[in-house]
1. Being under 26 Å from the mean Cα position of the chain (by Cα) and surrounded by fewer than 16 Cβ atoms within 10 Å (Cβ to Cβ) is true for just one of Ser376, Ser395. Which residue is that?
2. Could you list, in sequence order, the residues of the stretch 3-27 that are under 17 Å from Gly299 (Cβ atoms), assigned to a loop (DSSP other than H, G, I, E, B) and open to solvent by 20 Å² or more (accessible area, probe 1.4 Å)?
3. Please work out which residue is farthest from the ligand (Cβ to nearest atom), limiting yourself to the stretch 51-99 and to residues that are surrounded by fewer than 22 Cβ atoms within 10 Å (Cβ to Cβ) and among the β-branched types (Val, Ile, Thr).
4. Looking at the stretch 231-238, is at least one residue within 23 Å of Val151 (Cβ to Cβ) and touching a Phe, Trp or Tyr at 6+ places or on another chain (Cβ under 8 Å)?
5. So if I check each of Gly246, Gly306, which one is in contact with a strand residue (DSSP E or B) (Cβ under 8 Å, 6 or more places away or on another chain), open to solvent by less than 10 Å² (accessible area, probe 1.4 Å) and not aromatic (Phe, Trp, Tyr)?
6. Is at least one residue of the stretch 334-341 in contact with a helix residue (DSSP H, G or I) (Cβ under 7 Å, 6 or more places away or on another chain), away from the ligand (no atom under 16 Å from the Cβ) and assigned to a loop (DSSP other than H, G, I, E, B)?
7. Is there a residue in the stretch 395-411 that is hydroxyl-bearing (Ser, Thr, Tyr), touching a Gly at 6+ places or on another chain (Cβ under 9 Å), in contact (Cβ under 8 Å) with a residue 60 or more places away in the chain and within 16 Å of the ligand (Cβ to nearest atom)?
8. Going through the stretch 237-264 one residue at a time, which ones are of a type outside the set (A, V, I, L, M), within 24 Å of Ala276 (Cα to Cα), assigned to a loop (DSSP other than H, G, I, E, B) and more than 11 Å from the ligand (Cβ to nearest atom)?
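The values are calculated or read from the model by the stated rules, or taken from the named source; none is laboratory data. In this text, all values refer to a predicted model and were calculated from it rather than measured experimentally. All Cβ positions, glycine included, derive from the backbone under ideal geometry; neighbour counts span all protein chains shown. Surface accessibility is based on the protein's heavy atoms, side chains included, excluding ligands, DNA and RNA. Shrake-Rupley method; radii C 1.70, N 1.55, O 1.52, S 1.80 Å.
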Amino acid sequence: MHDFMSVNNERHLVMGGCDMAQVAQKYGTPLYVMDENVIRANCRVYKNAIDTCYSGNGLILYASKALCNLETVRIVASEGLGIDVVSGGELYTALRAGMDVSKICMHGNNKTRAELEMAISSGVGRIVVDNLFELDQIDAIAAEHGVRQKVLFRIKPGIDAHTHNFVMTGQIDSRFGFALETGEARAAILRAFKCNSICVAGVHCHIGSQIFEADPFEEAARVLMRFIAEIRDESGVELTELNLGGGFGVVYTPEDDPIEFGDYIEAVSRIVKTAAVEHSLKMPFIMMEPGRSIVAEAGITLYTVGAIKDIPEVRRYVTVDGGIGDNPRYILYGSKYAALIANKADAEVTQSVTIAGKCCESGDLIGENMPLADVSIGDILALLTTGAYNYSMSSNYNRNLRPAMVMVKDGRDRLVMKRETYEDIIRNDV
Ligand code: LLP
């Protein structure tokens with residue numbers, strides 16, 4: 001378990017000062033539970049790093065694709081963070097939660113015209129341009145609204161971050177952004193300088209997700225600073241903003257060993273400062289877009305254990321009342337998780353099991369070969385580190401209801417997302 005969790009006298013798992021077996025009883029399962037103080041502490045690590053490494057000349061944008069709902073946005077906003085949104089839905093949530101529009105950064109590799117209109121008309125601080133078709137649309141829409149839209153350019157720096165293929169985005173064969181090697185990025189920026197309703201502020205890159213080493217981030221910073229110098233040498237214009245994306249790794253199982261976020265940021269800041277001196281550039285305004293590392297470890301999912309099936313010499317299936325509908329990450333990426341039994345949280349591990357969901361789909365697994373204590377029907381299983389990319393990637397497959405979400409803090413629990421109802425399930429049917 002993570003170090004902010006504990007076990008009480010009844011042997012129950014405690015998070016945010018609350019007994020997780022009681023919380024499961026009160027709200028039902030499956031249930032997402034988030035620890036507010038952990039989210040806040042993570043926001044502060046990033047914010048302090050900007051203050052100490054860049055003298056406060058920067059902004060942390062929470063990548064809301066990791067977990068987007070009103071309360072999470074309110075929490076990160078109250079910590080002074082901005083937000084990265086990638087769709088009209090995320091933008092709408094951010095606006096409704098009261099996020100300062102100047103701190104909203106709009107992403108996406110195929111933003112629709114309606115999404116661009118919504119972003120520009122609501123006055124978002126920055127749009128990250130992915131392609132030339134989009135550049136022309138932004139220029140036209142901004143002109144219609146009589147504004148100059150600040151933009152950054154998404155660059156593929158040609159870096160191979162060592163992570164899962166599906167979440168690797170910095171290499172040339174990626175559908176996100178402009179390539180450096182081919183001159184595509186340079187040509188796009190020179191073209192944007194001629195657009196009357198566009199203000200080119202800087203460049204952006206995001207090299208991948210769940211990355212454990214500082215080197216690929218350092219290399220990306222070095223490449224982009226060199227690129228800013230090249231653009232200045234060619235055009236005389238010095239770009240002033242550098243957005244280094246997200247991707248910092250977290251601990252899902254004891255095998256995961258990422259370096260501290262603060263250490264990544266310090267290592268990268270040394271590269272940016274050295275490059276600024278080397279190329280005679282002013283220190284750019286720095287942005288970073290952590291998603292997973294803000295919310296993943298702060299979240300758990302509670303399930304009730306149902307049937308347990310032994311297939312002799314093969315495996316033991318422990319089934320739970322959720323599955324790929326609330327967590328599709330094992331079926332998608334083979335992602336590993338750690339589980340414990342919330343109502344006997346100090347019990348020794350005695351076996352290795354396959355945890356399966358309730359969907360009509362053989363692949364509906366939460367994980368295989370998972371170490372677990374003795375488990376019985378009716379136990380509450382806690383799956384750890386589910387705060388990122390679980391709810392946000394959830395579905396109603398088999399017309400199962402999406403779970404509720406509860407926030408815990410200082411011994412209090414509060415509902416932040418209601419459990420769906422059968423009425424919700426048919427709401428849009430005509
Ligand atoms: N910025 C950009 C432009 C991104 O594309 C992403 C993630 C982030 C920031 C945040 O990255 P993070 O700090 O969360 O690693 N569904 C996958 C992860 C996909 C990440 C996509 N982009 C998963 O469940 O592992």
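1. Step by step, each of Ser376, Ser395 is checked, and only Ser395 is under 26 Å from the mean Cα position of the chain (by Cα) and surrounded by fewer than 16 Cβ atoms within 10 Å (Cβ to Cβ).
2. Asp3, Phe4, Gly17
3. Result: Thr52.
4. yes
5. From the options Gly246, Gly306, the qualifying one is Gly246.
6. The answer is no, given that none of the residues of the stretch 334-341 is in contact with a helix residue (DSSP H, G or I) (Cβ under 7 Å, 6 or more places away or on another chain), away from the ligand (no atom under 16 Å from the Cβ) and assigned to a loop (DSSP other than H, G, I, E, B).
7. Yes, that holds for at least one residue.
8. The answer is Glu238, Thr240.
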